[in-house]
Amino acid sequence: MNEWMSLLWAEIKKEHRHSFHSSLVYFSLLIWPVVMFVTAYYSFAPFRMGADSPLARFVAPGQLPLFLLTGYLGYIFFWCLVQSAWQMSFERQAGTMEMIFISPVNRLAFVYGRSLSALVEGVWLFFCFTLLAMAFVGGIHVSGWWAVPLAFLILLVSAVVWGGFLSVLFLFSRDAGFLYTVLDEPMLIFSGVRLPPLAFPFWAKLISLCFPLTYALHMVRALLMEGAELGDLWQELGLLAGVLVLLVTASVFLLKRAERHMKRTGSMVLY
Amino acid sequence: MFLVENVRKVYRIRERGSWFSRQWKEVEAVSGLSFAMRPGSIVGLLGVNGAGKTTTIKMCCTLLEPTSGSITVDGYDAVRCDRQVKALVNMIAGGERMLYWRLTGRENLQYFGSLYGLSGSRLAERVDTLLDLVELREAADTPVERYSKGMKQRLQIARGLINDPKYLFLDEPTLGLDAPIARQLRRQVKQLAAEQGKAILLTSHYIHEVEELCDEVYIIDKGRLVAHDTPERLTRSFCRETTLRVTIPVLPDALQRDLRQLAERHRGTWDVAETDQQAWELTLRSEADLTAPLLSLLAAHQSPVLRLVTEQPSLEDVILQMAERRSA
């Protein structure tokens with residue numbers, strides 16, 4: 001455990017110095033999601049949003065800003081991790097990946113440490129903005145103070161597991177960049193960031209089940225918008241836990257395969 | 001003890017083909033290579049480009065897996081017990097990669113140290129010791145991107161020593177460095193073997209570096225071991241010819257004739273070229289030492305000697321000879 005903690009701390013420090021070296025980086029990490037949120041909100045403006053609108057069957061019209069805020073908060077959590085995994089190509093190019101894999105460091109600790117550090121650095125500013133915006137917009141309905149930290153924890157854990165899984169995929173090949181295109185936009189569309197998955201046609205609902213963000217957002221909204229009790233969420237929590245266990249198992253298995261693959265083909269130095 | 005036994009590495013490379021057909025080619029980078037490293041010794045691994053030096057080093061460092069054969073490090077198999085082996089080895093490569101440029105020298109060492117389970121005061125002490133060793137204490141808190149090439153290379157050395165490895169692999173460590181910095185690095189490498197008892201394997205294109213540092217040299221060609229001995233013995237066994245270069249002001253026909261006869265008598269060769277200073281430079285190559293008979297001949301022809309240089313064969317000649325044989 002000590003090894004994990006010291007490595008997590010080392011990764012956080014390294015990522016902070018290496019990728020978040022300027023206040024402009026933080027500025028962009030706030031401005032970009034805020035712009036996305038505002039754009040999404042005003043995209044709904046030209047449409048009829050009254051109680052008899054099609055969307056009202058799934059989201060109360062007055063709760064749309066809150067729905068979008070939670071959606072984008074969740075999306076930013078996961079988006080940061082896609083970015084971080086994509087950045088793995090930097091380690092390949094700089095030759096630092098070889099120096100990491102030459103060491104006996106626990107590979108899983110490295111992958112999750114990297115994800116966690118990228119996540120904390122990437123979301124804290126937008127997280128603060130979201131909390132302030134939620135307070136300003138109003139409409140938060142929670143059954144206890146614990147609902148906010150629990151929502152945060154659900155997002156954090158599921159995003160880190162997702163990020164670890166992606167980082168492992170990026171270890172396989174220098175050409176894994178296509179995953180960014182494959183995963184990023186579909187995640188935004190199908191996970192229920194802007195529209196609830198219940199409003200999707202059947203085939204789209206099936207796709208939405210592939211993204212852990214779908215389950216995480218459902219629970220976060222239930223906690224923050226519907227005042228759900230912990231007891232109401234056991235089923236969803238179990239489902240999310242199942243998905244996360246599946247992802248961790250796949251990460252462990254693929255991590256071993258990826259390292260073996262690199263050792264056999266010498267692909268670690270190809271970029 | 002570091003033992004490499006009958007190691008072979010075959011890469012399977014996909015050849016460019018159409019969308020629907022896949023063709024694979026097998027390339028044997030290392031073929032049946034065996035060698036050993038003992039504590040306190042510096043071993044050279046030489047060969048022309050593509051000989052398999054870097055592949056060998058990466059297999060020794062567990063970055064690559066041998067296709068067959070075995071690498072045993074203090075009794076641990078490098079494939080089955082790679083975590084134990086990783087704690088005992090490290091690699092330093094030439095060039096400016098393998099560092100985080102936005103981080104300072106100290107932060108780089110702290111990060112890489114944490115990968116080996118170092119933390120707290122143990123890590124801080126180790127980092128300070130290494131910064132002193134490579135004389136980077138003053139620049140420790142400067143981002144690496146502001147370092148000169150030599151400073152980056154010294155930081156690489158410190159990084160390679162962060163886990164206090166018993167076996168150290170140096171892949172072209174002085175590549176592109178100025179002569180004084182390269183000399184300083186060579187001094188440090190010598191100290192690591194002599195004072196700290198580390199076993200070091202060195203590859204370098206600067207042959208004089210290998211001659212100066214290595215106790216024994218393995219020469220590989222197309223992945224195969226072609227020679228193994230001390231640098232001196234290798235040079236003697238492969239290149240026995242001594243080269244004599246003499247500069248004289250005039251070269252009459254009679255002297256030319258006698259020089260040719262002298263060379264032929266000793267199964268040597270000779271050559272002549274006019275220098276910029278309107279003099280003649282004679283080059284005689286022979287397995288015998290022709291210094292005395294040549295000087296006698298020049299004295300007999302009353303020819304003054306402006307310059308006389310004797311060149312002993314070097315390890316570089318061995319490599320060049322091998323490269324020539326390879327292309328022939």
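The values are calculated or read from the model by the stated rules, or taken from the named source; none is laboratory data. In this text, all values refer to a predicted model and were calculated from it rather than measured experimentally. Cβ: placed from backbone, ideal geometry, glycine included. Neighbour counts: every protein chain shown.
Selection over segment B:53-66 of residues that are within 8 Å of chain A (Cβ to nearest Cβ) and of a type in the set (Lys, Arg) gives a count of 1. Among the residues of segment A:166-186, the one identified as closer than 26 Å to residue A:221 by Cβ and surrounded by 23 or more Cβ atoms within 10 Å (Cβ to Cβ) is A:166.
Okay, residues lined up against (1) basic (Lys, Arg); (2) on the phi > 0 side of the Ramachandran plot; (3) surrounded by 14 or more Cβ atoms within 10 Å (Cβ to Cβ):
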{"position": "A:203", "(1), (2), (3)": "no, no, no"}
{"position": "A:220", "(1), (2), (3)": "no, no, yes"}
{"position": "A:229", "(1), (2), (3)": "no, no, no"}
{"position": "A:248", "(1), (2), (3)": "no, no, yes"}
{"position": "A:251", "(1), (2), (3)": "no, no, yes"}
{"position": "A:257", "(1), (2), (3)": "yes, no, no"}
{"position": "A:261", "(1), (2), (3)": "no, no, yes"}
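Across segment B:67-109, the qualifying residues are those that are under 29 Å from the mean Cα position of the chain (by Cα), polar (S, T, N, Q) and within 11 Å of chain A (Cβ to nearest Cβ), and the one among them that is nearest to residue A:5 (Cα to Cα) is B:108. A count restricted to segment B:110-143 and to residues that are within 11 Å of chain A (Cβ to nearest Cβ) and not basic (Lys, Arg) stands at 13. I'd like the residue in segment A:43-56 that is part of a helix (DSSP H, G or I) and surrounded by 12 or more Cβ atoms within 10 Å (Cβ to Cβ) and, out of all such residues, is modelled with the highest pLDDT. So, considering only residues that are part of a helix (DSSP H, G or I) and surrounded by 12 or more Cβ atoms within 10 Å (Cβ to Cβ), the one modelled with the highest pLDDT is A:44.
Scan segment A:106-132 for residues that are among the aliphatic types (A, V, I, L, M), within 14 Å of chain B (Cβ to nearest Cβ) and buried (at least 22 other Cβ atoms within 10 Å of the Cβ) and report the count. So that I can check it myself, show each step before the final result.
Residues of segment A:106-132 that are among the aliphatic types (A, V, I, L, M), as a first pass: A:108-109, A:111, A:116, A:118-120, A:123, A:125, A:131-132.
Then drop every residue that is not within 14 Å of chain B (Cβ to nearest Cβ), which leaves A:108-109, A:111.
Those still in the list that are buried (at least 22 other Cβ atoms within 10 Å of the Cβ) too: A:111.
Matching residues across segment A:106-132 total 1.
Restricting attention to segment B:40-63, does a residue exist that is among the β-branched types (Val, Ile, Thr), at pLDDT below 90 and assigned to a loop (DSSP other than H, G, I, E, B)? Yes, the conditions are met somewhere in segment B:40-63. Do we have any residue at all in segment B:147-158 that's within 18 Å of the chain's Cα centre (by Cα), away from every other protein chain (no Cβ under 12 Å) and touching a residue at least 40 places away in the same chain (Cβ under 8 Å)? Within segment B:147-158 (the criterion being within 18 Å of the chain's Cα centre (by Cα), away from every other protein chain (no Cβ under 12 Å) and touching a residue at least 40 places away in the same chain (Cβ under 8 Å)), the answer is yes, since at least one residue qualifies.
The set of residues in segment B:102-114 that are touching a strand residue (DSSP E or B) at 6+ places or on another chain (Cβ under 8 Å) and either more than 23 Å from residue A:107 (Cα to Cα) or buried (at least 23 other Cβ atoms within 10 Å of the Cβ) (or both) comprises B:102, B:104.
For segment B:31-52, the count of residues that are within 11 Å of another protein chain (Cβ to nearest Cβ), out of contact with any Asp or Glu (no Cβ under 7 Å at 6 or more places or on another chain) and not aromatic (Phe, Trp, Tyr) is zero.
Does residue B:14 satisfy the condition of being of a type in the set (Lys, Arg) and part of a strand (DSSP E or B)?
Numbers: of a type in the set (Lys, Arg): yes; part of a strand (DSSP E or B): yes.
It is true that residue B:14 is of a type in the set (Lys, Arg) and part of a strand (DSSP E or B).
Going by the structure shown, is residue B:254 loosely packed, with under 12 Cβ neighbours inside 10 Å, in contact (Cβ under 8 Å) with a residue 40 or more places away in the chain, over 33 Å from the mean Cα position of the chain (by Cα) and over 30 Å from residue B:212 (Cβ atoms)? Yes.
Here is a yes/no grid of residues against (1) within 12 Å of another protein chain (Cβ to nearest Cβ); (2) touching a residue at least 24 places away in the same chain (Cβ under 8 Å); (3) crowded, with 21+ Cβ neighbours inside 10 Å:
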residue: A:5; (1), (2), (3): yes, no, no
residue: A:16; (1), (2), (3): yes, yes, no
residue: A:21; (1), (2), (3): yes, no, no
residue: A:38; (1), (2), (3): no, no, no
residue: A:41; (1), (2), (3): no, yes, no
residue: A:61; (1), (2), (3): no, no, no
residue: A:66; (1), (2), (3): no, yes, yes
residue: A:84; (1), (2), (3): no, yes, yes
residue: A:99; (1), (2), (3): yes, no, yes
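The residues in segment B:287-310 that are assigned to a loop (DSSP other than H, G, I, E, B) and over 16 Å from residue B:268 (Cβ atoms) can be counted, and the count is 6.
Inclusion of residue B:274 among residues that are surrounded by fewer than 18 Cβ atoms within 10 Å (Cβ to Cβ), touching a Phe, Trp or Tyr at 6+ places or on another chain (Cβ under 9 Å) and at pLDDT below 85 is warranted.
Conditions tested, residue by residue: (1) within 14 Å of chain B (Cβ to nearest Cβ); (2) not hydroxyl-bearing (Ser, Thr, Tyr).
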| site | (1), (2) |
| --- | --- |
| A:178 | no, yes |
| A:189 | no, yes |
| A:197 | no, yes |
| A:208 | no, no |
| A:218 | no, yes |
| A:231 | no, yes |
| A:257 | yes, yes |
